[in-house]
1. Quick one: count up the residues across segment 247-267 that are farther than 12 Å from I194 by Cβ, in contact with a Leu (Cβ under 8 Å, 6 or more places away or on another chain), without any contact (Cβ under 8 Å) to a residue 40 or more places away in the chain and of a type in the set (A, V, I, L, M).
2. Would you pick out the residues in segment 328-341 that are surrounded by fewer than 23 Cβ atoms within 10 Å (Cβ to Cβ) and in a strand (DSSP E or B)?
3. Restricted to segment 102-129, and to residues that are of a type in the set (D, E, K, R) and surrounded by fewer than 16 Cβ atoms within 10 Å (Cβ to Cβ), which residue is nearest to Y86 (Cα to Cα)?
4. How many residues, within segment 130-153, are touching a His at 6+ places or on another chain (Cβ under 9 Å) and either surrounded by 19 or more Cβ atoms within 10 Å (Cβ to Cβ) or under 13 Å from F335 (Cβ atoms) (or both)?
5. Does I154 count as β-branched (V, I, T), closer than 30 Å to Q351 by Cα, at pLDDT below 95 and part of a helix (DSSP H, G or I)?
6. Taking the stated definitions as given, is A133 modelled with pLDDT under 95, among the aliphatic types (A, V, I, L, M), touching a helix residue (DSSP H, G or I) at 6+ places or on another chain (Cβ under 8 Å) and in a helix (DSSP H, G or I)?
7. Out of the residues in segment 77-101 that are farther than 21 Å from A332 by Cα and within 30 Å of the chain's Cα centre (by Cα), state the one that is surrounded by the fewest Cβ atoms within 10 Å (Cβ to Cβ).
8. Looking only at segment 192-247, filter to residues that are among the hydroxyl-bearing types (S, T, Y) and crowded, with 23+ Cβ neighbours inside 10 Å; which one of those is nearest to L99 (Cα to Cα)?
Amino acid sequence: MNGRSAEAGSRAATAERRHAAPCCALGAPMTKCTRISALTVAFAAPQFQFAPAHRRPLIFQSPPCQRLPDNSFSQERIMSTAADEYLATALHVMECNSLHRDIVLWNELREEASRRALGASSPAETYDAIRWALSQLNDGHSFFAPPECGHAAIRQGQYDREATIPDGFLRSDRIAYLHVPGFRGSPEYETRYIDVLQEFIALLDDAAPIGWIVDLIDNGGGNMWPMLAGLGPLLSEGPLGSFRFPMQPPAIWSYRAGQALLDDVSLAHATKGGYALRHPAKPIALLSNERTASSGEAVLIAFVGRPNTCRFGITTRGLTTANDQFPLPDGATLFLTVGIFADRFGHVYGQALEPDFPCEGSKDIIQSRAAIWICGSN
C-alpha cells in the first residue's frame, strides 16, 4: 500500500462496489485471468461459505493464461479449444492464489489434470479434472462448485429454503440460550438472519440472564459475516480476528455498531443498528462438536479474548482457513483456500479447536456441563 490515503481510497471503492455486485463477490465478473476481489471462508464441499471482499486483491500477477500443452496426445483425443482454455484458466487461478502454491509441482499437476480431461468437448467435461487438481493443493478446504451450486446460485436465493434461522429462549435456570446455525443464502435472507439473532439477544438480555449459552454444534459454516454481525452485542466492539496471508498484511475482522467489518468495509449489518447489552459482563459458554467447521470455527475464534468465556463440547472439524471465491466463465466457482484464521491477539490457527472443557455425549450433556459452569461463575 502507498500510505493511509491510498489505503482509505481502496477501502471506500471496495465498499461502493459491494452494492452493485453479487453477494460476496466484488468487482467486475471474472473472465480468463481477471481477478475478482472476494474473500470467502468456505464450508467443506459441498457446502459453501463466504468471507467476502477484502481491500487488497490477492496475488494474481502472472502472465495471461496459456492453453495447456497437448503435443503429447493424439489429435483425436485432445480437448476442444473451449475445454482446454477453461481448464487452463482454473489451473492458473490455483497457481496464482492457493495458500500452498509454493510447494505444489505445477508442471506435473497441469500435465496430470490435462490427461484426466482428455477428450473433453466442453468446459463441463473438465470439472472432474479441476476437482482432482483442487484435491492436490494440500489445504483440505478448497473445492469446486458447478454453476447450479456456485456463488451466483446462492446470491439468487437458491438455498434460502434450506437456510435455518437462529433461535433462542430463556432456560428455567435463567441462562439465555442461542442456537446459531450455519448460513448460506441470499442478501435478503442474510439480513433476516442478523436481525433475528440480535432481536433474540435483546429480548433475552432484557430478562437479566445469569449467563449465555451460544450453541454452534453442527454449525458447518457458510457466510461468517451474518454470524458475527448477529452476535456482535455479545462479542463487544473492536477487532475480533483476522485472515493471515503468505505475502500480504493481515485483513482484520471487527464488529462496530451492528456491522461486521473486514478491515473498514462493512460486509453485513443489522437493519436497526447494533443492540448494546444492558448486562455485558455475564459468562458465555460456547458449544461445539466435530461438525463445527469453517465459519462456525471463525465464530469461536472471534470470542477468544472475551473475559469469562469458555468452550465446551468436542474438538471442531479443523477448517480454520479462509477461502476466496473465483467465478469461472460458465458460472461455476472455485472456492480456493488462500489464508489462515488468527484471533484478535494474532495467534494463527489452521487446525481444529480444542474445547476448554471436553464433553463427550449428546447435545444435552454438553449443555448441562456448560450450565454448571455458568451457575458456578455467578
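1. Our first condition is that a residue be farther than 12 Å from I194 by Cβ; within segment 247-267, this holds for 247-254, 256-257, 261-265.
Going one step further and asking which of them are in contact with a Leu (Cβ under 8 Å, 6 or more places away or on another chain), we end up with 248, 251-254, 261-262.
Next, only the ones that are without any contact (Cβ under 8 Å) to a residue 40 or more places away in the chain stay: 252, 254, 261.
Checking which are of a type in the set (A, V, I, L, M) leaves us with 252, 261.
Qualifying residue count for the region: 2.
2. Residue satisfying the conditions is I340 alone.
3. Going residue by residue through segment 102-129, those that are of a type in the set (D, E, K, R) are 102, 108, 110-112, 115-116, 125, 128.
Narrowing further to those that are surrounded by fewer than 16 Cβ atoms within 10 Å (Cβ to Cβ): 102, 108, 111-112, 115, 128.
Working: D102: 23, E108: 18, E111: 15, E112: 15, R115: 15, D128: 13 Å.
Across segment 102-129, the extreme among qualifying residues is D128.
4. Going through segment 130-153, the residues touching a His at 6+ places or on another chain (Cβ under 9 Å) turn out to be 137-139, 145.
Those still in the list that are either surrounded by 19 or more Cβ atoms within 10 Å (Cβ to Cβ) or under 13 Å from F335 (Cβ atoms) (or both) too: 137, 139, 145.
Going through segment 130-153 one residue at a time, the tally reaches 3.
5. Working: β-branched (V, I, T): yes; closer than 30 Å to Q351 by Cα: yes; at pLDDT below 95: yes; part of a helix (DSSP H, G or I): yes.
Yes: the conditions hold for I154.
6. Values: modelled with pLDDT under 95: no; among the aliphatic types (A, V, I, L, M): yes; touching a helix residue (DSSP H, G or I) at 6+ places or on another chain (Cβ under 8 Å): yes; in a helix (DSSP H, G or I): yes.
So A133 fails the test.
7. Within segment 77-101, the subset farther than 21 Å from A332 by Cα is 77-78, 100-101.
From what's left, within 30 Å of the chain's Cα centre (by Cα): 100-101.
Values: H100: 13, R101: 17.
Here the residue is H100.
8. Quick first cut of segment 192-247, residues among the hydroxyl-bearing types (S, T, Y) only: 193, 236, 242.
Okay, now just the ones that are also crowded, with 23+ Cβ neighbours inside 10 Å, so 193, 242.
Details: Y193: 31, S242: 15 Å.
Ranking the candidates gives S242 first.
The values are calculated or read from the model by the stated rules, or taken from the named source; none is laboratory data. Fair warning: this is a prediction, and the values are worked out from it, not measured in the lab. Don't worry about glycine lacking a Cβ; one is built from the backbone with ideal geometry, like all the others, and counts go over all protein chains shown.
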